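Taking it in order: structure first as structure tokens, then the write-up.
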Amino acid sequence: MSTQNHKALFDALWNDYLAITPDAEAIHKEFKALGDDTIINDHIALRTFNEGSINLENIGKHLEQFGYYAAGEYHFEEKKLYAKHFQHESDEDAPKIFVSELLLEEFSAELQMFCRGLIAEANWNIRKDGLTLPSRPWGKITREAYERLLEESEYAAWLAAFGLRANHFTVSVNKLRDMKNIETVNQFLKDKGFELNTSGGEIKGNEDVCLKQSATMANIVDWEFNGGKHPIRSCFYEFAERFAMDNGELYQGFVAASADKIFESTNAA
Ligand code: NI
């Protein structure tokens, strides 16, 4: 199987993400100012629906073309999500890709109907032009539709507004040159005036689960809706510190309980 260049894919996702996440660019600059000019990403996260040509299975097939394979699966009962993480077959510095899908059948008939409209549009566009990342394979939604979705699922509202793009990038704390633990990174960020997500504590996870994570609150951007612009939360920047398992290898998976809280970084409140 011919493998497409995953670096070009990440460049596209990163530039798209930076355009709506000014904090990420600012933090990147602060790290670089310390002399850390090789910032390695631990992972990125994509959100999708569990139906049609954009479901997790189809996104997984798309990622295979870039040398990625599924390496773990996760269930989020409360948020009604199923997820997998993908790793690159040969490039150890390639970020992992965490893809979650919303379990539509567990929501109201109204939400299902609305989202199936978006999926039908996506099916049509992808049949015509193929799947690309980043993309929003449906048109602008109205602010009213966004608000209605928000009442039931912040995740659905975000996905309907933004589509298939990086919801966050995550800096690998292990690979930073100077700041060797997540506590130091968090303090540095707070000293520089960035707002961290405190849902479930500033640090999600611990050494026992071999993963500690923290995240900024998502930026607020003036987003283009069908009918005009309105400020909403876009994307956030995340930080991950990984610890060795009993066999001595760094844990490469994710912790559902921690990710559950991280999802709240885009909460509108
Ligand atoms: Ni993450």
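The values are calculated or read from the model by the stated rules, or taken from the named source; none is laboratory data. Owing to the predicted nature of the structure, the values given are computational and were not obtained by experimental measurement. Glycine also receives a Cβ, built like all others from the backbone with ideal geometry; neighbour counts cover every protein chain displayed. Heads up: the accessible areas ignore ligands, DNA and RNA and are worked out on the full protein's heavy atoms, side chains in. Shrake-Rupley method; radii C 1.70, N 1.55, O 1.52, S 1.80 Å.
Excluding GLY67 itself, what net charge comes from residues whose Cβ is under 15 Å from its Cβ, given Lys and Arg +1 and Asp and Glu -1? Display every interim value, and only then the final one.
On the way: positive: LYS7, LYS61, LYS96; negative: GLU64, GLU89, ASP91, GLU92, ASP93.
For residues surrounding GLY67, the net value is -2.
Which of the three applies to the stretch 70-147, rounded, prolate or oblate, going by the alpha-carbon gyration tensor with a ≥ b ≥ c and a/c under 1.5 meaning rounded?
On the way: a/c = 2.49, a/b = 1.40, b/c = 1.78.
Verdict is oblate for the stretch 70-147.
Counting only protein heavy atoms and a 1.4 Å probe, tell me what percentage of the chain's accessible area is made up of carbon and sulfur. Mind dumping the intermediate values first?
On the way: 5700 of 11980 Å².
Carbon and sulfur atoms account for 48 percent of the accessible area of the chain.
Suppose we keep just the alpha-carbon trace of the stretch 104-147; what are its Rg and Dmax in angstrom?
In Å, with Rg to one decimal and Dmax whole: 11.7, 31.
Along each principal axis of its Cα atoms, how long is the chain end to end? Whole angstroms, biggest number first, please.
48, 45, 32
About the Cα centre, and with charges only on the beta carbon of Lys, Arg (+1) and Asp, Glu (-1), how big is the dipole of the chain? Nearest 20 debye, please. Let's see the in-between values first.
On the way: 28 positive and 44 negative charges, 135 e Å.
Around 640 debye, computed over the chain.
So what's the stretch 1-41 giving for Cα Rg divided by 2.2 N^0.38 Å, two decimals? Kindly include the intermediate steps, with their values, before the conclusion.
Working: Rg = 12.8 Å, N = 41, 2.2 N^0.38 = 9.0 Å.
In units of the globular-protein estimate, the stretch 1-41 measures up at 1.42.
Tell me, what is the per residue accessible area of the chain in Å², probe radius 1.4 Å? Mind dumping the intermediate values first?
Numbers: 11980 Å² over 269 residues.
With all protein chains present, the chain gives 45 Å² per residue.
Using only protein heavy atoms and a 1.4 Å probe, report how much of ASP37 is accessible, in Å² to the nearest 10.
Probe radius 1.4 Å; accessible area of ASP37 about 110 Å².
Taking the highest mean first, how do the peptides 247-254, 80-87, 135-142 order by number of other beta carbon atoms within 10 angstrom per residue?
Working: 247-254: 13.4, 80-87: 20.9, 135-142: 16.8.
Descending packing order for the listed peptides: 80-87, 135-142, 247-254.
Report, by chain and number, residues whose modeled amide H sits under 5 Å from the one on GLY67, excluding near sequence neighbours (fewer than 5 apart, same chain).
Those qualifying (amide H under 5 Å, at least 5 residues apart or on another chain) are GLN4.
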